[in-house]
Structures are given as C-alpha cells and as structure tokens.
Amino acid sequence: MDWGNNQSRLTPRLIDALYTEAMLLADEARAYFDENGRDDRETLDPMLRVGFSCESLKVTTRLMHVIAWLLTQRAIDTGELSPIQGRHPSRRVGHAAASDDELVARLPGDARGLIEASVDLYERVKRIDRGLTTSEIPSSPAHNLMRRLEAAF
C-alpha cells in the first residue's frame, strides 16, 4: 500500500455516497425552484424575488461543481484519469459564490433548507478536495514504523 498517496483516503464508497447526496439534492432543488417554489416566490416582494432567483442559481452552481468533481474522482478510481490528472487545477472543485445570509434569512423555509444543504455539501467536498491536494501528510507512528521495517528488510 502506498502510504504517501492522498488519493487512498477517498474511497469509492464515500464518492458514491456523496454523489447520491448531490444528485438527490439537485433533484429536490430543481423541483422546488422550477415548480413547487413558484407560489413561494410569488408571495415575495420584487427585490426578494430577484434574490430568490439568484440564490437558486447559486444552489445549482454549487451542486454542479460538486457533481463534476465527484465524476472526476470516479474517473480516477476507475483508472480513466491518473491521480495527477485529477489534481490539475481545472479538475478541482470550482468556485461558487457565497449566499447572502441576510437575504437567505428572509426567504421561505424550503428555499433556506435547500440553500443551506447545498452550502454544507459544497463545503464538505471542498475540504476533501483541499485534503487531496495537500502535499504534506501528517506522519503516523505506525506508518513510520512500517517504512523503517520495509527499509530494513
């Protein structure tokens, strides 16, 4: 086992779980912002309606960045991409604009829930992505011992 390979910390099971979560959230967001949330949006004053639309785009952007990143991780796992190719800046989690907390607080509860869930998922994936590209791995005493034993024999 390559103890120095950061990719080994991201398991196919975790990728699949995050992918399922992202796809379910994307489906919920689409259904709400395109259909079910229309009545909610119509009850808002004109400026809040604009904010509602902007926040729905931010949710979509976050989720698309997460899904694209997860598909890259799947490609690495199946050997379609090398870990080095997967760490290329173009394959990192893309930038997504932050939500306006004051605006979000004034939106209907269903919209707030979707916005908060998308921010949470995006931030989790972003932390994982940063961890995969970190060149320094904290050294473990057990790993150090294994390396010393391998070197001795």
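What follows draws every value from the coordinates through simple rules; no lab data is involved. Keep in mind that this is a model prediction, so the values were computed, not measured. Ideal geometry is used to build each Cβ from the backbone, glycine not excepted, and the neighbour counts take in all protein chains shown.
Please arrange HIS88, HIS65 by counting, for each residue, the other beta carbons lying within 10 Å of its beta carbon, fewest first.
Arranged by neighbour count, lowest to highest, HIS88, HIS65 become HIS88, HIS65.
Of ASP129, ASP16, how do they rank once you tally other Cβ atoms within 10 Å and put the fewest first?
Fewest-to-most Cβ neighbours within 10 Å comes out as ASP16, ASP129.
Pick the calculated Rg and Dmax of the Cα atoms in Å for this structure from (1) 20.0, 74; (2) 19.7, 63; (3) 15.6, 50?
Looking at Rg and Dmax of the Cα atoms in Å for this model, the match is (1).
How much length would be gained if the chain were fully extended between MET146 and GLU35, taking 0.36 nm per residue of separation minus their Cα-Cα distance, in nm to one decimal?
Computed gain between MET146 and GLU35 is 34.3 nm.
When only Cα pairs under 8 Å and 6 or more residues apart are kept, what is the percent relative contact order across the stretch 8-135?
33
Would you pull out the residues with amide H under 5 Å of GLY94's amide H, same chain only if 5 or more places away, H placed 1.01 Å from N?
Excluding prolines and chain starts, which carry no amide H, there are no hits.
How large is the helix-only mean residue ellipticity at 222 nm for the chain, computed as the sum of -39500 (n - 2.57) over DSSP H runs with n ≥ 4, divided by its residue count, in deg cm²/dmol to the nearest 500?
-22000 deg cm²/dmol
Arrange the following residues from fewest to most other Cβ atoms within 10 Å of their Cβ: GLU80, GLU35.
Going from sparsest to densest Cβ surroundings: GLU35, GLU80.
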